[in-house]
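Derivation of every value follows stated rules applied to the coordinates shown; laboratory data play no part. Just so we're clear, the structure is a prediction, and the values are computed from it rather than from any experiment. In this analysis, Cβ positions are derived from the backbone assuming ideal geometry, glycine residues included, and neighbour counts consider all displayed protein chains.
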There are 2 protein chains.
Amino acid sequence: MSDSPSTLSRRQWLGRGGAALAAWSLGAWTSPAFAQPRPLPAYAAWKDAPSLIVHSNTTMETRRGAFGTSVITPSNQLYIRNNLPPPEAAILAQRDEWVLELVGVAQARSLRLAELKTLGLETVATVLQCSGNGRAFFPGKPSGTPWTVGAAGCVVWSGVPVRNVVKALGGVQDGMKFLTGTGGEKLPEGIDPKSLVVERSVPLAALDDALLAWEMNGEPLSLAHGGPLRLIVPGYQGVNNIKYIQRLAFTARETDARIMAHGYRLTPPGQQPDPAQPSVWEMGVKSWINSPQPAQEPLAAGPVLIHGVAFGGVRGVQQVEVSVDGGKQWKPAELVGPDLGRFAWRQFAFKTTLASGTHLLVCRATDTAGQVQPQARMDNTGGYNNTSWLDHGVKVQVA
Amino acid sequence: MSDSPSTLSRRQWLGRGGAALAAWSLGAWTSPAFAQPRPLPAYAAWKDAPSLIVHSNTTMETRRGAFGTSVITPSNQLYIRNNLPPPEAAILAQRDEWVLELVGVAQARSLRLAELKTLGLETVATVLQCSGNGRAFFPGKPSGTPWTVGAAGCVVWSGVPVRNVVKALGGVQDGMKFLTGTGGEKLPEGIDPKSLVVERSVPLAALDDALLAWEMNGEPLSLAHGGPLRLIVPGYQGVNNIKYIQRLAFTARETDARIMAHGYRLTPPGQQPDPAQPSVWEMGVKSWINSPQPAQEPLAAGPVLIHGVAFGGVRGVQQVEVSVDGGKQWKPAELVGPDLGRFAWRQFAFKTTLASGTHLLVCRATDTAGQVQPQARMDNTGGYNNTSWLDHGVKVQVA
């Protein structure tokens, strides 16, 4: 790779729309600029405040330096991104009484959570990631939360496979092409519900893996993360994993709710969001380094262990490579820890020795279909789906 | 199985030393008898109190009903069993400065945790279990904490493989047969340290899998669980996983510390503990049901999903069978969720329909070497290593 930022002139950088600059200024998001943090909102007061950057009452991300190496992200460190304020905590008082309406199946009806629990049990580890994760690295400062890497985690869900529920209700009706979930957030009166409701459609193929989950990381699902019941669509961006799910419909068309029709679209620069543009569905292959961290003090010269995470959306990760010179030379990293399945992330580790000076550490993952994490992000007005390995690089100083 | 307790007369039960009675009275340990629970000690104040039974300031177990189905036990629900009060929390102030002394290797010396972190990274999920887990089911009320099933959990550790450290120090000296770890608890003055020190030896073969761990479940290792550094011996009973490890020695003989020489021995009834008796090392194949729970109110007649956990010590689990009639007829359960490796436990699920009446639900696991979980515990004065499937049965009433 001859075009790594370390070889680019300032003019070349600016000519690239500031992309490389954005990568290099990454440290700002985890620096003492956040020395006076916002407090956690009440529904998330149980979270580990030092691990989180609180952007707002509905948006909190995990600090890059808080990510451990144990594959699973602890619940109290996991990011929060709610499109609406969460419902009253009272909905958790009698979890088993939560009602889910099933539509678009042969025998459409409502089921209590207690009944869902008798239809089967499946446990799956998935990467949960906001589609805007990495937005802070977009040069044009797209509107939305400036997430860096922390709007993601790898957690374990338990629940009933949607396919079991569908089977119990006689199967999907003919002609249905989407699985459409509706969240249970309370909507203000006097406003068109479609303009606010969290209702998303995913292709019917997602049915094979989708889960109705009541447990995360071994505990009953919290209000902050969608309890008592959440739709999990493994490998899909976070917004498709509907919290407080109250209606699951098999539909012939995508919902016309605003969050689907105009929100979360990969809109080319200069255009308006439109249902014809791709929606944020499957996640792309992606990786980043969690240690050393960009904002750390100068490292001592000598051996260093670089580690981070890599995932491939609906596919697993085949390989991770690391470069300590901004992408000129790549070497394979070691995948460490248990493999929790194709929807989970893998930890990778890379032992090296760094001499005095400045180094740009980058990594790139390859999924099991051979797709390689790209150098450049795909530009879009919403700042979605940033998988650029260059954007996610970490600059370190070695003393 | 014709000798299930449901077919035994009261006289037969008593003739068996109350073993079956103990199994049937299991509910007592999770019943309102604990309505006024002890508070959590300060060093464990971050734990989820409703999930735990606090036996003492150094012994807390997870309630059977608190175990979820997500394979990993959340840190705030994990049992605590400390042989001594934990050290001052100040030892966590500068984790990287923790010093471990390595002895019995070619180049014996001390290493800082920061240096250990450069020698490699491995992540492993293990069942952590107190060897006295299940002691409450022993008929003779052996002295020690009356654990039922909750002195166990499945957690993820990150650290450096001991073999990497040994390699960096030139290898194990000739003639060494044991790996001996010494805990960093502060000992009172004026008492023979050997009478109190937490120092245990395990066979050298454990070196292949042993880890020096600084992280559990994605977070820096807590004081309650042995932080900043703990020796993890996957597949071995909890006491061998030395907390606050300050010395790791390869030795020709087992340590003569009391906790090794006379403690945790499988002492036949009527005898005194003796170093010639087997120590509690590898865990045996074991399983139990977590839902439905013994203390639950009568279930509604109809479909029920039975689920629980199964593990095989250093081997994985090949199969779990469930019986709803106290062991007369067995059917295979389904293993669910990700397989986190041979040291982790597996979740199992079994769908059935229960008619009105009383049912004794039992399960038994088979490890990958074909070893089947036994019906009866092996009697010993300390109440260790209880793997009896009968003892771990769950009696339910169906309305």
Starting from the amide H of A:Glu215, placed 1.01 Å from N in the peptide plane, find each other amide H under 5 Å away whose residue is 5 or more places distant or on another chain. A:Ser158, A:Leu221
Reachable lysines from A:Lys47, criterion Cα separation under 21 angstrom, eight or more residues apart if same chain: A:Lys243, B:Lys47
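List B:Asp379, A:Asp391 from most exposed to least, where exposure is judged by having the fewest other Cβ atoms within 10 Å. Walk me through the intermediate numbers first.
Working: B:Asp379 17, A:Asp391 24.
In increasing order of surrounding Cβ atoms, one gets B:Asp379, A:Asp391.
Test of understanding: ordering B:Asp208, B:Asp367 by Cβ neighbours within 10 Å, fewest first, what list do you get? Write out the running numbers ahead of the final one.
Numbers: B:Asp208 11, B:Asp367 22.
In order of increasing Cβ crowding within 10 Å: B:Asp208, B:Asp367.
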In cubic angstrom per residue, the convex hull of chain B built on its Cα atoms measures 140
Which distances in nm, rounded to one decimal and ordered from shortest, link the label point of A:Asp208 to the equivalent label points in the other identical copies, with labels set 7 Å from Cα toward Cβ? 3.6
Where the label is 7 Å out from Cα toward Cβ, how close does A:Asp174 come to the same position in every other copy, in nm, shortest first? 8.3
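Do you know the relative contact order of chain A, to the nearest whole percent, from alpha carbon pairs under 8 angstrom that are 6+ apart? It would help to have the intermediate numbers written out before the result.
Details: 994 pairs, mean separation 69.7, N = 399.
Over chain A, the number comes to 17 percent.
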Tell me which aspartates and glutamates have Cα within less than 15 Å of B:Lys286's Cα, excluding those fewer than 8 residues away on the same chain? B:Glu321, B:Asp367, B:Asp391
What's the center-to-center distance, using Cα atoms, between the range A:90-120 and the range B:57-135 in Å? 40
Among A:Gly308, A:Gly170, A:Gly140, determine the one that fluctuates most according to a GNM of chain A built with springs between C-alpha atoms less than 10 Å apart. A:Gly170
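Could you list A:Lys194, A:Lys47 in order of exposure, starting from the residue whose Cβ has the fewest other Cβ atoms within 10 Å?
Neighbour counts put them in this order, fewest first: A:Lys194, A:Lys47.
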Residue-count net charge about B:Ala333 - beta-carbon cut-off 11 Å; Lys, Arg +1, Asp, Glu -1: +2
Neighbouring partner chain Cβ atoms per residue of B:206-219, average, 10 Å criterion: 3
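Could you state the per residue volume, in Å³, of the convex hull enclosing the Cα atoms of the range B:244-345?
Working: hull volume 22.1 nm³, N = 102.
Considering the Cα atoms of the range B:244-345, their hull volume per residue is 217 Å³.
Starting from the Cα gyration tensor of the protein assembly as shown, take the square roots of the eigenvalues, sort them a ≥ b ≥ c, and report rounded, prolate or oblate (rounded when a/c is under 1.5, otherwise prolate if a/b is larger than b/c, else oblate). Walk me through the numbers before you get to the answer.
Numbers: a/c = 2.14, a/b = 1.20, b/c = 1.78.
Cα axes put the protein assembly as shown in the oblate bin.
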Closest approach to the axis - chain B beta-carbon, rotation onto A, Å: B:Ile72, 3
Checked the range B:112-192 with the C-alpha gyration tensor, a ≥ b ≥ c its square-rooted eigenvalues, rounded below a/c of 1.5, otherwise prolate if a/b is larger than b/c and oblate if not; verdict prolate
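Efficiency by 1/(1 + (r/R0)^6): what FRET value for A:Asp208 and A:Met378, r their Cβ-Cβ distance, R0 = 25 Å, to the nearest 0.05?
On the way: r = 27 Å, r/R0 = 1.07.
Approximately 0.40, to the nearest 0.05.
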Label spacing, shortest first and in nm, from A:Asp256 to its equivalents in the remaining copies (7 angstrom along Cα→Cβ): 8.7
